[in-house]
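Down below is the structure, laid out as structure tokens.
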Amino acid sequence: MRADHPLVVLVDAYGTGRHLRAAFAGLGAEIAHLSSRPEPLTSMKAPDLDTYAAALVATDPVETARRVAALRPAAVVAGQEPGVPLADLMSEMLGLPTNGTALSAARRDKYRMIEAVRKAGLRCARQFRSDDIDAVAAWAREQGGRPVVVKPLADAGSQGVSICTDPAGVRAAAEAILGAVTMYGETNAEVLAQSYLSGTEYIVDTVSCRGERYNAGVWRYDKRRRGARNVPHRALLVAPDDPVAAELIAYTHEVLDALGIEFGAAHAEVMMTADGPALVEIGARMNGTMNPDFDAESFGADQARACALAWLRPDAFAEEFAGRTYRKLREGFVYHVATDRSGVVESVDATALARIDGIESVRAVTVKPGPGDRLRPTVDLPSSPLTVHMAHADAAALARDQAMVLELSQGVFRLA
């Protein structure tokens with residue numbers, strides 16, 4: 001490894017983790033990949049391992065650290081949620097910039113996460129975890145008839161999350177979760193039940209470096225109820241001078257401190273309740289819908305580049321990003337297209353996709369299912385078949401173009 005070409009190890013660079021690779025390469029770094037599991041995940045777009053300088057698979061911690069150390073890395077960074085604990089462990093063992101392992105479990109396990117936030121004196125939900133459905137139902141009854149949220153301990157994309165208003169709903173949701181496999185290939189051994197947080201949900205994106213932070217974006221969720229679930233429909237850009245943004249950012253910084261996140265990207269989901277912000281959950285990784293070109297156009301900077309600077313060039317991060325907040329340069333949102341169709345995808349219509357891509361406001365289109373995959377009715381983010389990034393100076397033009405996207409989306413997937 002040359003001094004002017006440091007090497008960075010990305011752990012589980014699935015999905016938007018691929019943008020980290022480009023960001024680090026833009027700083028002149030070589031990139032290696034470390035997989036936390038022997039078999040690749042099938043629920044997310046996998047990295048092309050043939051294009052990395054090296055591709056390792058984790059075994060036992062000591063042997064894995066020895067093999068990673070042989071690459072002489074400058075940083076070990078999580079590309080996606082399952083890679084967070086391993087990146088914490090490897091960076092700590094090798095004496096590299098790190099968030100450490102003391103609170104690593106709380107950055108993945110949602111029960112421990114909320115308890116760490118509660119210990120710090122921050123507003124959060126009441127909660128209970130168990131592998132006993134009867135115990136979960138009993139706890140829900142103790143909430144005095146108020147709604148409860150039932151969900152997995154370590155999933156994402158609203159997968160498996162149900163809002164339950166009666167004991168039968170709680171039991172059904174818990175039964176569906178126990179034994180099911182998450183989008184990260186982990187089997188749910190327990191169920192998490194939480195008090196329902198009433199309010200408006202927001203997303204707060206940050207990048208930290210030695211405890212200093214860049215506020216990379218605030219989004220407001222526009223959700224639509226589908227059965228027992230509130231499914232994300234759009235994530236809309238919030239102006240940084242909106243008073244709610246400042247309150248959300250200040251609260252999120254306290255959450256980051258409570259969870260020991262001093263380096264790298266984070267993606268927090270926060271409910272603005274009548275009493276103030278309350279954490280839904282947070283991931284020590286980039287926003288799952290982050291798109292560098294869209295961010296650069298809409299904010300003037302993107303989370304991936306800021307993250308690369310934080311890990312590799314902290315002085316440059318301090319000069320360009322520390323203590324600063326994004327700008328809102330365009331009206332825009334991330335549109336999660338829903339479907340009620342069900343079946344196996346026979347083909348994806350390139351002409352229909354090209355027409356969507358040609359709409360004035362459209363900046364990026366992500367297609368999730370491909371030929372041979374099953375299209376199912378949308379109940380969470382993973383089952384939304386298309387994600388479309390849209391930006392325009394005129395909000396009315398955005399609304400017009402969103403309607404066009406929805407209409408054209410009906411012809412994208414041909415089912416067998």
Any idea what % of Cα-Cα pairs in the stretch 229-343 are farther than 24 Å?
31 percent
Quick check for you: with a 1.4 Å probe and neighbouring chains kept, what is the accessible area per residue of the stretch 208-308, in Å²?
33 Å²
Shape of the stretch 283-332, Cα gyration tensor, a/c cut at 1.5:
oblate
The stretch 150-228: antiparallel bridges as % of DSSP beta bridges, rounded to 5, reads 100 percent
So, relative contact order of the stretch 328-416 in percent, Cα under 8 Å, 6 or more apart, is 46 percent
When the Karplus curve 6.51 cos²θ - 1.76 cosθ + 1.60 is applied with θ = phi - 60°, which whole-Hz ³J(HN,Hα) does each residue of the stretch 86-95 get, with x for Gly and Pro?
5, 5, 4, 5, 5, 5, 5, 5, 8, x
Give the separation of the Cα centroids, the stretch 168-188 to the stretch 341-373, in Å.
29 Å
Nonlocal amide H pairs with R224, under 5 Å, H built at 1.01 Å:
V231, H233
Just to compare against my own numbers: the Cα pair-distance distribution for the chain, 20 Å bins, whole % per bin, please.
26, 60, 14, 0
Can you pull the accessible area of R305 for me, 1.4 Å probe, Å² to the nearest 10?
100 Å²
Taking amide H positions as placed 1.01 Å from N in the peptide plane, with prolines and chain starts having none, which residues 5 or more places from E281, or on another chain, fall under 5 Å of its amide H?
E269
Residue by residue, what Karplus-based ³J(HN,Hα) values in Hz, rounded to whole numbers, does the stretch 355-363 have, using 6.51, -1.76 and 1.60 with θ = phi - 60° and x for Gly and Pro?
5, 5, 4, x, 5, 3, 7, 6, 10
Over 25 Å between C-alpha atoms is what I'm after, so list which of K223/K368; K119/K223; K151/K368; K45/K328; K151/K328 land there.
K119/K223; K45/K328; K151/K328
Ordering T51, T273 by how much accessible area each has at a 1.4 Å probe, largest first, what is the list?
T51, T273
Here the averaged projected area of the stretch 22-156, based on the convex hull of its alpha-carbon atoms and given in nm², is 11.2 nm²
How large is ³J(HN,Hα), in whole Hz, for each residue of the stretch 320-334 in order, when computed from phi with the Karplus curve 6.51 cos²θ - 1.76 cosθ + 1.60 and θ = phi - 60°, using x for Gly and Pro?
8, 10, 4, x, 9, 10, 3, 10, 10, 9, 9, 6, x, 7, 9
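The values are calculated or read from the model by the stated rules, or taken from the named source; none is laboratory data. Since this is a predicted model, take the numbers as computed values, not measurements. Each accessible area value is taken on the protein alone, full model and side chains, heavy atoms only, with ligands, DNA and RNA left out. Shrake-Rupley method; radii C 1.70, N 1.55, O 1.52, S 1.80 Å.
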